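Please treat every number below as a calculation from the coordinates, not as lab data. This is a predicted model, so every value here is computed, not measured. Note: ideal-geometry Cβ built from the backbone for every residue, glycine included; neighbour counts use all protein chains shown.
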Amino acid sequence: MGGVHLRRSEEHVAEVEALAGVLGGRAGLPELLGALKYRARPSPVGRLLGRAVDRAIAFDSYDQRDPVWWPQGITTSADADPSGLVEGRRLAVVTWYAKEKDGVRRGSRVTFLDLDTLRYRHVLLVDARFDDRGELTLSGVRVHAGGIAWAGPWLHVAATGRGFLTFRVDDLLRVPGDDERPDEIGLFGDRVASFGHHHVLPVRYAHQAHADEGHERLRYSFLSLDRSPLPDAPPDLLAGEYGRGRQTTRLARLELDPDTWLPATDEEGLSRPALHDGGVLGMQGAVRARGRHHVSVSHGPWVPGSVFTGSPGALQRHRWALPMGPEDLSFWPSDRPGEDRLWSVTEHPRRRWVVSARRSWFDRRRS
C-alpha cells in the first residue's frame, strides 16, 4: 500500500535561537533533571486493575484530578539509548493535551519522569515564529499529542491529521517566574509567559501529512520506535490511526535516516511511509516487539483496557490487560526477553497511571 507522504518544513533555527536569546540561553536536559519538582508515587490500585501490569505509578493528587490537562503519549530513555539510560537516569516522557478552559487553549506539553526517584516536571511545547514585522512571537502547540517517540536527539510528537512535530531535547529552555501569568502565553517586553510552566521546548520541524490523488491522508494518532529492522541501523518509526465507525485504522512504518534520525526522504524531498491495513478500531498506541505488534485499546473510564497482539489483520485480543483508559505504548527491551516491558499511560481523571507490563505475559496467552 502507498499513496501518502510527509513533507518536512524548514528547520526553525533562527526562531529557536532568538527564543533562547530572550531566555538567557539553553537550560538543557541536565538542568531540567536537577529541577524535577513534583513527586509521583507507586499505585497498588493501578497495578491490580491491569492483568499484565507489574508496576503502576500515579501522578500527584493535583495532576490526577486536573480537568484541563490529559495524558496521551509515552516514550522512555530506552527509546533514546539502548542502555536505557539518559544522563544516567531511567526516564519516561509523557505527552498531555489541554482541553479549553475559560476560552483559553493551552496546547500540549511533555512531562519528564524519573522512574527511580519518581520525581517529575512539566515542559510546555511552544512554537516560536517571526511575525510580518520580524518580531518574535510565541504560542502554544495545539495538537492532540497522542503519541511520542524519543529518537536520538529528537522527540517526535504525533499531530493527527497534520502529521507530526519534531523537537530537539537540547533546546529545553527555562522560563523564570512564569507563575505570574498562568493563563497567558507570549512575549511581554523582556518577560515570557508560558501558561505557568517554568520550562518550554520549541518546535524544530513540522512533518506535514499529505496524500496522493485518490488516497486518504494518514492520521498520525500515535507513534513509537520499531528497533527490529537491523541491529546496527536506526529504528523505524511506527505510526497508526485511531478510528471509529468507518474510519480507517491503518498502521504505517517510516524509515529514519541513519545520519540524522529524522524521516528519510526521497529525491523529491518526501518521506513515504509503508502502509498496512489490518489495525483494529479504537487503537490508542502500537509497538512492534520481538517480531509482533502490540496494540492498546481503551474501553472508557470504567472498564480496563485491552491489548491486541500478532500481525496486522490477525491481531488477538487480551482483555483487561491494562487499566482503564490506556493510551500510547512504548517498548523497553532487555537482553533477557522475559524481562521486556511495555509501557503505557492512562488518561482519565483519578485513574492516571504510568504503567509497565511484562511483554512475556502476552506470549503465554497466544492462541
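Computed values, structure above
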{"item": "Correct option for Cα extents along the principal axes in Å [calculated from the coordinates] among (1) 80, 52, 44; (2) 63, 51, 40; (3) 70, 44, 43", "result": "(2)"}
{"item": "5 angstrom amide H check on R250, placed H, neighbours 5+ away", "result": "E241"}
{"item": "Segment 288-308 residues near the modelled R350 label - backbone nitrogen below 12 Å, point 7 Å along Cα→Cβ", "result": "302"}
{"item": "Extension reserve of the R7-E31 stretch, reckoned as 0.36 nm per residue once the Cα distance is removed", "result": "5.3 nm"}
{"item": "Antiparallel %, DSSP beta bridges [both residues in segment 4-363], to 5", "result": "95"}
{"item": "The chain, relative contact order [Cα under 8 Å, separation at least 6], %", "result": "19"}
{"item": "Residue among R174, R250, R65 with the largest mean-square fluctuation in a Gaussian network model of the chain, springs linking Cα atoms under 10 Å", "result": "R65"}
{"item": "Max mean-square fluctuation residue, GNM over the chain, Cα-Cα springs under 10 Å, options G103, G282, G291", "result": "G103"}
{"item": "Helix-only CD estimate at 222 nm, as mean residue ellipticity for the chain, using -39500 (n - 2.57) per DSSP H run (n ≥ 4)", "result": "-2000 deg cm²/dmol"}
{"item": "Alpha-carbon centroid distance for the pair segment 256-299 / segment 6-29, whole angstrom", "result": "27"}
{"item": "Student exercise, segment 213-266 dipole from Lys, Arg, Asp, Glu Cβ charges, in Debye to nearest 20", "result": "520"}
